[in-house]
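The values are calculated or read from the model by the stated rules, or taken from the named source; none is laboratory data. The model shown is predicted, which means the values in this text are computed figures rather than measured ones. Neighbour counts are summed over all protein chains in view; Cβ atoms, including those assigned to glycine, are modelled from backbone coordinates with ideal geometry. Please note that ligands, DNA and RNA were not included when accessible areas were found on the heavy atoms of the full protein model with its side chains. Shrake-Rupley method; radii C 1.70, N 1.55, O 1.52, S 1.80 Å.
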Amino acid sequence: MAIRVGLFFGGRSTEHEVSVITALGAYEHLDKNKYEVTPIYVSKTGDFYTNPKFLQLKNFKDVDSLLLSSTKINFSKGGLNSGGFFSKAITLDIAFLFFHGSFGEDGVIQGLLEMYKIPYTGFNVMGSAVAMDKVISKLVFQALGFNVAKFVSIGRNDWIKDSKNCLIEIKKKLKFPLIIKPADIGSTIGINRAKTDMDLEFNIEVAAVYSDKILIEEAFEGCIEVNCAALGYNDVIPSLCEMPIRSGETLSYEDKYLKGGKNAKSTGMASLSRKIPAPISQNLTKKIQETTVKIFKALEGCGVARIDYFVDVKKEKFYVNEINSPPGSLAFYLFELLPIGIKYSQLLDRIIEDGLKRFEDQKKTQYIFNSPLLSQMAKAGGIN
Ligand SMILES: Nc1ncnc2c1ncn2[C@@H]1O[C@H](COP(=O)(O)OP(=O)(O)O)[C@@H](O)[C@H]1O
Ligand SMILES: [Mg+2]
């Protein structure tokens, strides 16, 4: 019998569009003989819809009218159901999550699925939440013994209350040029460079539009960027390393997704220019691959994630920048060229298998405890 897979994508996130592209790119490679696919699209307002039309990118030309012809759905135990008089149950064997950014990559949807006992792909609630937060994840990378950029984190409310003091604090600890980032979004949205006090102030204001926490870090100069992915659940394997090619000082949204002009068929992160394998020594490649697997496991990884690094080639030194779970286009291009050659469709099979395995493992945990506490207290006459 076919496995019933819900493809979840879109979402109330600045990376909504990127999520649609990742999901529909993967759909093309899903084995339709093995899987019965139901698309679950989350609108920018955070509502859940289904409609077979969501499976083709060309239908997204006019999202408002697409939604009018779609069925709104709600969660129910083990799946979803369409509301109203003709309510229909959609039972799912697994939710395949393709979200990037808020409410999807950060543990929120994962928590909802746990409550409804629906198996899902990718990182669990804890791993997703830590991976999404660039400040907390840096603290974890450091605790694991890896190098990271020198950084300061400030809360938006502290900035609003006393920006002068925040600036003093930042300049006491860090040296220009600086990179300013919203702490918990991706795709280079809201990320800017500062060379002067004025840039710094302005770019903190920009980052504060997108997050209530702002990360300020020293810019790496003379370093290349190297990314490496990991795949698995109990058995985890690293991918090849890639060097993404940027057109300016920073790898931009345009570099990542809009290369090739307006009319080009975008394939999301897959269309970024890159060098595979990255031009670094074998020794460094091995160290980065080992680090990737270590971090993946520390975050109780499942499915696929990509970790981004800065590498000082001359000093043979690397710094961990961030982790993406799931990465744009699921980083399929980093697994295809491995000596064992994992095809895109096989990558998808493994991500689904891993999600199902984790769900089975959860059944080993007892979540309730039979306690005489309430009945005893009730007999004794209540709390006082
Ligand atoms: N400390 C840094 N020094 C230099 N460039 C940086 C630094 N941090 C980020 N960048 C640039 O900004 C890009 C996006 O930053 P990143 O932390 O990877 O966030 P995102 O989640 O948006 O990909 C990086 O790929 C890199 O080009
Ligand atoms: Mg990145």
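Structure summary
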quantity: Selected from F86, F141, F123 as most flexible by GNM, with the chain as the system and alpha-carbon contacts under 10 Å; calculated: F86
quantity: Among S371, S252, S137, residue whose mean-square fluctuation peaks in a GNM of the chain (springs only between Cα atoms under 10 Å); calculated: S371
quantity: Gyration tensor (alpha-carbon) shape descriptor, the range 1-113, a/c threshold 1.5; calculated: rounded
quantity: Förster-model FRET efficiency, 51 Å R0, L57 and D158, C-beta, rounded to 0.05; calculated: 0.75
quantity: Residue with peak Gaussian network fluctuation, the chain [Cα springs, cutoff 10 Å], from F310, F99, F369; calculated: F369
quantity: Proximal lysines to K364, defined as alpha-carbon separation beneath 23 angstrom and excluding residues fewer than eight positions away on the same chain; calculated: K77, K117, K297
quantity: Accessible heavy-atom area order of M115, M243, M126, highest first, probe of 1.4 Å; calculated: M115, M126, M243
quantity: Low-density loop positions, GluC sites (Glu not before Pro), the range 260-356 - DSSP coil, at most 13 other Cβ in 10 Å; calculated: E316
quantity: Reciprocal mean inverse distance between Cα atoms of the chain - Kirkwood radius, Å; calculated: 22.3
quantity: D361-K297 pseudo-label distance in nm [points 7 Å out on the Cα-to-Cβ vector]; calculated: 1.2
quantity: S281-L258 pseudo-label distance in nm [points 7 Å out on the Cα-to-Cβ vector]; calculated: 4.0
quantity: The range 150-218 - convex hull of alpha carbons, volume per residue in Å³; calculated: 68
quantity: Per-bin percent of Cα-Cα distances, the range 89-188 [5 Å]; calculated: 2, 11, 17, 17, 16, 13, 10, 6, 4, 3, 1, 0
quantity: Chain lengthening between N147 and D64 when straightened (0.36 nm per residue, less Cα-Cα); calculated: 25.3 nm
quantity: Area projected by the alpha carbon convex hull of the range 222-361, averaged over all directions, nm²; calculated: 8.9
quantity: The chain: calculated mean residue ellipticity at 222 nm from DSSP helix runs of at least 4, using -39500 (n - 2.57); calculated: -9500 deg cm²/dmol
quantity: Pairwise FRET efficiency - E353 versus M377, Cβ, R0 = 56 Å, nearest 0.05; calculated: 0.75
quantity: Charge tally in the Cβ shell below 14 Å around I160, where Lys, Arg are +1 and Asp, Glu are -1, I160 excluded; calculated: -1
quantity: The chain: antiparallel DSSP beta bridges as a percent of all, rounded to 5; calculated: 80
quantity: Cα long-axis angle, helix 134-143 against the chain (0 to 90 degrees, to the nearest 10); calculated: 80
